[in-house]
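The values are calculated or read from the model by the stated rules, or taken from the named source; none is laboratory data. None of the values given here were measured: they were computed from a predicted structure. We place every Cβ from the backbone using ideal geometry, glycine too, and count neighbours over all the protein chains shown.
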Amino acid sequence: MRLPSVLKWALGISGWILFAITLAGRWAANHVEETQISRPREVPRQKVGSFVDALPQEKKTKTALRKQRNTAIEAPAQNSLQSVFQKADAFIKTQEWDKALELLLEALNSHPESEQLQARIGNLYFQKDPQAAIPYFENSLMSNPNQPEVLPKLVAAYQHPDQRKRGQEFLQEFADRHPNSVTPVLAYVDFLAAGGKPRAAADYAEEKAQQLSQPADAMQARGLAGNLYLGAGQPEKAIQNFEVVARHEERIKREKQARGESTYMEDKRLAELRMGQAYAFARLGNFEQARKMADQLPPTERNLVLADLNRLSQQRN
């Protein structure tokens, strides 16, 4: 039975997966373009150290940007990474990518421990050749795992067939090294799901949810597991995970109501969970329970889901 479009609208796989797939598409589009950045030689993983976005975009005239670049380059040199970053940014603003990359790679010889430098180099390579960015992103994350800006790009780069094995090994090891952090777990789950293994991704998310120490992190992993199980044709497992998260959200909602606080986000998440349960029960043929779940939704969503359930019930009969 085909999954209804309403469910896709309400429950799509997490933003991590969408972002990874989008970035992978950008790689495919850019791969055919002529590149002026040569691929680097492979660098070993090493201990390196906070992420700084390497590609600022400002709407200025090219003349003004070149003047700004020259001012930065001609300023009194300071033997520091900050000076290097300023000069690289000046080149980037005028789209002189090769010069920025050359400058950063030269600085890496004397600052191999810098996670900022590794991430910036990875960003530049990622624009034209995601595979070339992989070792730099890996080195940066080995020192500082809390870099949500880097992980989706690394997951996207690993989607190339030649990098799948490397990606699975690194991301699994990365998640195992940081068992109390949900970010590495979600990255590995996204990698598996984007690679066409939603059931394996769901199993991993469910397993790690039981190990995460923070309840909010555990619920995030369980919610993702529920979505993946539903898409993988395991509605019973989806219902179980959705129900665990729903009980958590209901408890948080009651506590907020007692304090007189807004429960907008809890109401929104509960609606998504009940909608997921409704379609999961429908896939099991239990339309009575599916309608009970739909009755708990806001009016607009309830009417849409009930209409879908009636259509699915008629098709089944």
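Values for this structure:
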quantity: Hey, Ala216 closer than 30 Å to Ala246 by Cα and out of contact with any helix residue (DSSP H, G or I) (no Cβ under 8 Å at 6 or more places or on another chain) or not; calculated: yes
quantity: Which listed residue is at negative phi, loosely packed, with under 12 Cβ neighbours inside 10 Å, in a helix (DSSP H, G or I) and of a type in the set (A, V, I, L, M, F, W, C), from Ala258, Ala307; calculated: Ala258
quantity: Qualifying residue in the range 275-291 (condition: closer than 21 Å to Ala205 by Cα and surrounded by fewer than 15 Cβ atoms within 10 Å (Cβ to Cβ)); calculated: no
quantity: Given (1) in contact with a Leu (Cβ under 8 Å, 6 or more places away or on another chain); (2) of a type outside the set (Lys, Arg); (3) under 15 Å from Ala225 (Cα atoms), index of the condition Glu206 fails; calculated: (1)
quantity: Any hit, the range 224-239, residues being modelled with pLDDT of 95 or more and either more than 28 Å from Tyr279 (Cα to Cα) or polar (S, T, N, Q) (or both); calculated: yes
quantity: Residues (under 14 Å from the mean Cα position of the chain (by Cα), within 23 Å of Asp129 (Cβ to Cβ) and assigned to a helix (DSSP H, G or I)) located in the range 155-198; calculated: Val155, Ala156, Ala157, Leu171, Ala187, Asp190, Phe191, Ala194
quantity: The range 251-276 residues that are within 20 Å of Ile239 (Cβ to Cβ), paired with ones that are of a type in the set (Ser, Thr, Tyr) and exposed (fewer than 13 other Cβ atoms within 10 Å of the Cβ) (beta carbon under 7 Å, 6 or more apart); calculated: none
quantity: Filter result for Gln240 (out of contact with any strand residue (DSSP E or B) (no Cβ under 6 Å at 6 or more places or on another chain) and under 21 Å from Asn180 (Cβ atoms)); calculated: no
